[in-house]
Amino acid sequence: MKHEKGFRGVFTSDLLPKKMRQFENGIINLDIATGPGTHWVCYYNDPKNNFVEYFDPFGDYVYKILPNIKRYLLSSGKKKSDTTQAFLQHPASVKCGYFCMKYISERNKDSKTAEKSEDFTIEYARPFSFKQIALQSFSMYVSWENIKDEQFSYYDGSQWLNLSIPDGNYTIKGLNRYMVKFFGNDPPILFGIIEERQRTAIKLKDQYKIDLTKTKNLHKLLGFEPKVYAEPEQIGKYIADLSGGNDNIYIHCDIIEGAYINGFNSSDVIYSFTNSNRPGSQIIKSFDKPLFFPVRMDSVYRIRMRITNHRNELIPLNKQEVQYNFITL
């Protein structure tokens, strides 16, 4: 572990350093120095985050965070810590130290090789045995982008210019806010919604034109043909798709069977829904009567969870946290 970036050491809960460094991670035993040792946990202080990560392989179901450990996390100068609630370690397992080392190692990996929250696998040191599983609750953020590496050209009456739109998940109001930010309080280009026709509109001031022939996906999201538009107001030819195809969201669990899409094709979809949350908000769902599905194998060593759209494409969540809680029988 000494070769891991930011690794400060292995400590007991009563012999922690006085102050946490700006970039630091380490492993803590919940016992005191004179004790035989009990359970291992770890922490990770990423200077890019406004919280310190606290990882317990048992989640928050067995051990609550000790006061002196909490004080040490706060010594980082950050006002909160983020506690992992996922249940990763089998109750009979003694592999907590391994899970802690694995957590730090994975966090230190380059982001391109680290697992994504929209597609990750949980591995267990010892297998679970159960016949059925149900999704009791889950949470995720509307953190995907519908506009990425996008720009269009416009004519201001004397010359053609380019306008780049920052990556993000935009509504029509969001696009108009950016037009105001770019042009000022009275922008020459604005977008609108024709609700009864499920179309969008583009409004231009006199002498202005907009060129959508070289956009990446913007014309498709707005429902327009890739053309140059010069009329004061024009309506898209096609139904707008501002979600970029991510209206319907499917949660996959690879150990289940017996789920169906549209009543026909068998799949591993444990839950699906239509998103109505605004960009940046958190989706939280819980079920009073969870639906149980049969498990495909006798012993479960790992579970892979994926989040896709109706085209079975992964929805990029940009490293935002996803939490699942299951019930097994």
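The values are calculated or read from the model by the stated rules, or taken from the named source; none is laboratory data. None of these values were measured; they are calculated from a predicted model. Cβ: placed from backbone, ideal geometry, glycine included. Neighbour counts: every protein chain shown.
Miscellaneous remarks
- Among strands (runs of 3 or more DSSP E) entirely within segment 1-50, having at least 2 residues that are crowded, with 16+ Cβ neighbours inside 10 Å, of a type in the set (Phe, Trp, Tyr) and under 28 Å from the mean Cα position of the chain (by Cα) singles out 40-45.
- Selected residue (criterion: nearest to residue 291 (Cα to Cα)) from residues of segment 117-131 that are surrounded by 14 or more Cβ atoms within 10 Å (Cβ to Cβ) and at pLDDT 80 or above: 130
- For segment 201-252, the set of residues classified as closer than 24 Å to residue 276 by Cα, small (Gly, Ala, Ser) and at pLDDT 95 or above consists of 201, 223, 236, listed by residue number.
- Cβ separations smaller than 8 Å between residues 6+ apart or across chains give the following pairs from segment 1-25 residues that are among the β-branched types (Val, Ile, Thr) to residues that are surrounded by 15 or more Cβ atoms within 10 Å (Cβ to Cβ) and modelled with pLDDT of 90 or more: 10/26; 10/27; 10/28; 10/29; 12/28; 12/29; 12/31.
- Only one of 226, 279 that is within 25 Å of the chain's Cα centre (by Cα) and either surrounded by fewer than 14 Cβ atoms within 10 Å (Cβ to Cβ) or outside any strand (DSSP E or B) (or both): 279
- Breaking point among (1) modelled with pLDDT of 95 or more; (2) in a strand (DSSP E or B); (3) surrounded by fewer than 12 Cβ atoms within 10 Å (Cβ to Cβ), for residue 266: (1)
- Failed criterion for residue 189 (all others in (1) out of contact with any Lys or Arg (no Cβ under 9 Å at 6 or more places or on another chain); (2) of a type in the set (A, V, I, L, M, F, W, C); (3) in contact (Cβ under 8 Å) with a residue 24 or more places away in the chain hold): (1)
- Any hit, segment 158-181, residues being in contact (Cβ under 8 Å) with a residue 24 or more places away in the chain, exposed (fewer than 15 other Cβ atoms within 10 Å of the Cβ), over 30 Å from residue 292 (Cβ atoms) and touching a strand residue (DSSP E or B) at 6+ places or on another chain (Cβ under 8 Å): yes
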